[in-house]
Amino acid sequence: MAAPLVLHLLLALLLGSGGRSGAEPERDSLREELVLTPLPSGDVSATFQFRTRWDSELQLEGVSHYRLFPKVLGQLISKYSVQELHLSLTQGFWRTRFWGQPFLQAPAGAELWVWFQDSVVDVDKSWKELSNILSGIFCASLNFIDSTNTVTPTASFKPLGLANGTNHHFLRYAVLPREVVCTENLTPWKKLLPCSSKAGLSVLLKAERLFHTSYHSQAVHIRPVCRDAHCVSVSWELRQTLTVVFDAFTTGQGKKDWSLFRMFSRTITEACPLASQSHIYVDISRNSQENETLEVSPPPTSTYQAVVLGDRRTYAVYDLLNPATFSGSRSLNLQLRWKQFQDIGSQLVPFLHAQRYVSGYGLQKGELSTVLHNTHPYRAFPVLLLETVPWYLRLYVHTLAITTKGKENKPSYIHYQPAQDRLRPHLLEMLIQLPANSVTKVSIQFERALLKWTEYTPDPNHGFYVSPSVLSALVPNLVGAKPANWEESPLFSTMFPVSDSSSYFVRLYTEPLLVNLPTPDFSMPYNVICLTCTVVAVCYGSFYNLLTRTFHLEEPKRSRLVRIAVKNK
Amino acid sequence: MEQVQFLGPGMDPVSENRPHPVPSGESLHWLTLGEVSHGGQQCFLVSALWAPGMKAGPPQPAGSLPLALAPLSTFSKRPLSTAVLEALSAEESSKARNLENRLEIDGFPPSPLVVKDFIVLRGLCSPALGRPGQLLNGHTNNWAVLVCTSRFWFNYRHVANTLSVYRSVKRLGIPDSHIVLMLADDMACNPRNPKPATVFSHKNMELNVYGDDVEVDYRSYEVTVENFLRVLTGRVPPSTPRSKRLLSDDRSNILIYMTGHGGNGFLKFQDSEEITNVELADAFEQMWQKRRYHEMLFIIDTCQGASMYERFYSPNVMALASSQVGEDSLSHQPDLAIGVHLMDRYTFYVLEFLEEIHPASQANMNDLFQVCPKSLCVSTPGHRTDLFQRNPQNVLITDFFGSVRKVEITTERVALKPDPSSLGYSHLKCQKDEELTEPLNYAEQLPVAQIIHQKPKQKEWHPPGGFILGLWALILMVFFKTYGIKHMKYVF
């Protein structure tokens, strides 16, 4: 036992003296990737992914040398014993019905969910402090996360990384639907990148272009992953993703053609020098073999075929580390030109999509409805629905109705945690089987509560947001998929761990809702004060007059004789 | 009650900000222990004496220390910069540490032993030998608190006002970590903004003051009177991140810029609450007593702005306002594409003036007072300098809008030893690697069977499954045992 220990020490000493960089391979690596997908509606979605992988035990104390992994996040993980951290800041709504399944959707506003390690004693305290720190790092109002919008889901949000046990006691989940996302959130996000926005794909991240889009979502995901195929040791993965959807159709004067320069007003000149892999993928699946419908220029050096999100896709691959990519000119300006006009209506509708709306009239009652569509012609699949409703909407649980094709659909798992005023929100989790080719409606009625005067926001007439429902589903594949090697395959296909080949996991979010609450007349106290003061002043004045003045009866004039007579009486 | 900060050796004066109260009527006495040369620098050591019942006034002999005492008021004008506690003798620092510990354990007020002991607060070092006067009058760091208090799209100009000052101070060298920027609404990514992620200060979209690397510290609903006062006075919750704190000290020059809708003696926050000039003056006084600033420049661009500074009574505050009491501040630069006014007149001309300033320029405060004459501003800008110690002519613009950073260049070589912790760490890691033999797994994302059979937590006790059945079986068994199978006829 002692001999290998001494050997290790000796080895470490030798390495330390001999220079770390020369002898030992770097323990961290960076991969950057951009996926450009022409969407069925004519929009273009661009997904950036930057993955920093660190072969180290972050949880151990004494990690002081940070190379690619941002120190601020590394310290956060070890201080708060974080197992997994997922933070997304989003503006806009991913329209699954028209845009297809996203690689990774995020709800409008800010979403934060964290798995803590089982060594954490007071999870709520750590959660509160962690959200405060994150609000400072990302310039977002995450400090508004408190017990009134935090839930602990019992079945949703399983850990995405390595986990030996899933005790949901260590999970916290919160959404702030009101949160705006702008340049101040992008700036710290960019600073976490090893190349910042100086080189590589991140050169394209200019705020003016990124926020002039229909959908903007930036996220940070930290999770432990397998170090190698045997998976006996843990590496840490920081994945920074950014998805934008450009409305190419309107900005391109009715043409669906696009180029990097037109979208980002920049072109790429080099890969990030610190990256071990730097790729651009362009989805050319709709380029059928018999008639060429689109043309990508410059022509790609290679193509990549895989089953992504249940369907077979073809991607043109540009390797930025390969100097041949820049051979023609010094900068790479990818362009896509449509040769034939494609009918939008003929597009395949995704198997799962959902809407949510609030109905009813008046300011007393209302109904929340979620409509789930399964468009698969012959396969049913399960969906786990999670709804978080703030406490000021009082749900009537007996009105919960789940109907499919006119019949009641009984959920196989249901968990309801009622709200407590000013303490915690409603949490409703249901596992629903969606029959093939069906529409399922989940509805529940609610009553609007009256808030206290000081609890209203400064703009109460804008309304109050209700966070979107979350759908976790195993959607059947269109074609069979083979499990691929994680390290080899592109980043966009390795977000969720794949368990079986017949279906893929997807997490969808519906629209956030805006509900009007009965708002009092805020000038009412002033009116009351004015009115009461007037009334009091009038009453008091006349009363005071009555009390202090002496009233003399003016006697009618009488003759002197009569006066004397009255006096003597 | 006076708020007095006790610092032990090795404590960061700002982050470990734990004020201990001194009972009123008793005073804290400060004394200079002398000058020490430390590391080629001239250092003053300052210590404090506090005794219950000791009054300010003529010096009293305290314990065995024949030292002259100075009352607090004279001390507070003295410089305090960098703690150089290594210069103390070991005995003194251990004494101070003991005392600090006792203060923590026993709470306050401490035992009368304090009279004989003394607490070494901080040492003062002048950055360069032979120029101590420079330090005594100067500041060592700059801070800026920039506040826009208006919500809603038509108040675009107030956000642009604040951002244009932000742009100027950032350009002149104050880093983002020393700027607390509060914006009450999001104009840049507002759906009504035709050019998202931009805020323009000039019409025809000439100058984008939002920039590409802005960091907003407090935004939308976070901009409240409470948060603003907490930032100023430093009484923030313990888990507040550093970027949301004003970590200034008594060598800090602070620029405070506010804009919004106001009236005579108040400024509205978000259309729902307001701060009065008395509250603001008291907050500044609290800052002064807690030694959170050295000099302060207060600028306000609002209607009747001069009413906001007329109640100030704390020293070293210079104040500027866009309009006198009874006057309105007016807007400027209407833009047809954006549809609103882009700036207020006063800040527009201040920005125009600041754009000409560079870090080495010698423009002084008198130039700033002249920035917007009534012919341009329509309102009459006001200023107040009676609380300020220096002549405005000698106060550079860059004293507040720029930043000083003391940089010392050393020619000595520093030999880095291999980090012992990293060796131990790698050894630990190897052990860890050996321990793990069980392969780790990714969690299944939607384990349907597991979810369905997940047992809900039950609060009340229920008899275990089969208990009732077993009970019936027992009863039947007893019945048959007693009567036998042939007696079944009695039952039926």
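No value in this document is a laboratory result; all are computed from the given coordinates. In this text, all values refer to a predicted model and were calculated from it rather than measured experimentally. Positions of Cβ are backbone-derived with ideal geometry, glycine not excepted, and every protein chain shown enters the neighbour counts.
As a ratio to 2.2 N^0.38 Å, the alpha-carbon radius of gyration for the stretch A:522-566 is 2.35. For the stretch B:199-247 versus the stretch A:85-163, the inter-centroid distance based on Cα atoms is 24 Å.
Of all DSSP-defined beta bridges confined to chain A, some 95% are antiparallel rather than parallel. Tell me the GluC sites (Glu not before Pro) within the stretch A:266-326 that lie in a loop according to DSSP and have at most 11 other beta-carbon atoms within 10 Å. Loop-located and lightly packed - A:290, A:292. The angle separating the long axis of helix A:524-548 from the principal Cα axis of greatest extent in chain A is about 20 degrees. The rule of thumb for compact globular proteins, 2.2 N^0.38 Å, goes into the C-alpha radius of gyration of the stretch A:63-222 1.07 times.
Measuring between their Cα centroids, the stretch A:379-436 and the stretch A:494-539 lie 21 Å from each other.
Averaged over peptide A:182-192, the number of partner chain Cβ atoms lying within 10 Å of each residue's Cβ comes to 6.
In chain A, helices alone account for a calculated mean residue ellipticity at 222 nm of -5500 deg cm²/dmol, with every DSSP H run of four or more residues adding -39,500 (n - 2.57). Taking Cβ separations below 4.7 Å as the criterion for a possible disulfide partner, the isolated cysteines in chain A are A:139, A:530, A:533, A:539. Taking Lys and Arg as +1 and Asp and Glu as -1, the other residues whose beta-carbon sits under 12 Å from that of residue A:332 total 0. Determine the relative contact order of the stretch A:411-569: mean sequence separation of Cα pairs under 8 Å and six or more apart, normalised by residue count, in whole percent. Relative contact order here is 20 percent. For the stretch A:33-128, GluC sites (Glu not before Pro) meeting the loop criterion (DSSP other than H, G, I, E, B) and having at most 16 other Cβ atoms within 10 Å: A:61. When the trypsin sites (Lys or Arg not before Pro) in the stretch A:139-224 are filtered for DSSP coil states and for at most 15 other beta-carbon atoms within 10 Å of their beta-carbon, the remaining sites are A:198. Pairs exceeding a 24 Å alpha-carbon distance, out of A:125/B:290; B:170/B:203; A:158/B:244; A:256/B:195; A:255/B:195: A:125/B:290; A:158/B:244.
Take every Cα-Cα pair in chain A and report what % of them are more than 46 Å apart. The proportion of pairs with Cα distances above 46 Å equals 26 percent. Think of chain A as a dipole: +1 on every Lys or Arg Cβ, -1 on every Asp or Glu Cβ, centred on the Cα centre; then among A:221, A:139, A:375, A:139 lies furthest on the positive end. How large is log10 of I(q)/I(0) for the stretch B:222-374 at q = 0.12 Å⁻¹ when the intensity is taken from the Debye formula with one equal scatterer per alpha-carbon? Scattering profile of the stretch B:222-374, log10 relative to I(0): -0.58.
Normalised by the number of residues in chain A, the mean separation of alpha-carbon contacts (under 8 Å, six or more apart) gives a relative contact order of 14 percent. Using Cβ point charges alone (K and R +1, D and E -1), the dipole size of chain A about the Cα centre works out to roughly 2420 debye.
Past 28 Å, Cα to Cα, is the threshold; run A:407/A:482; A:206/B:268; A:365/A:441; A:339/A:482; A:71/A:128 against it and keep the listed order. Exceeds cut-off: A:407/A:482; A:206/B:268; A:339/A:482.
Ordered by the number of other Cβ atoms lying within 10 Å of each residue's own Cβ, fewest first, B:453, A:168 fall into the sequence B:453, A:168.
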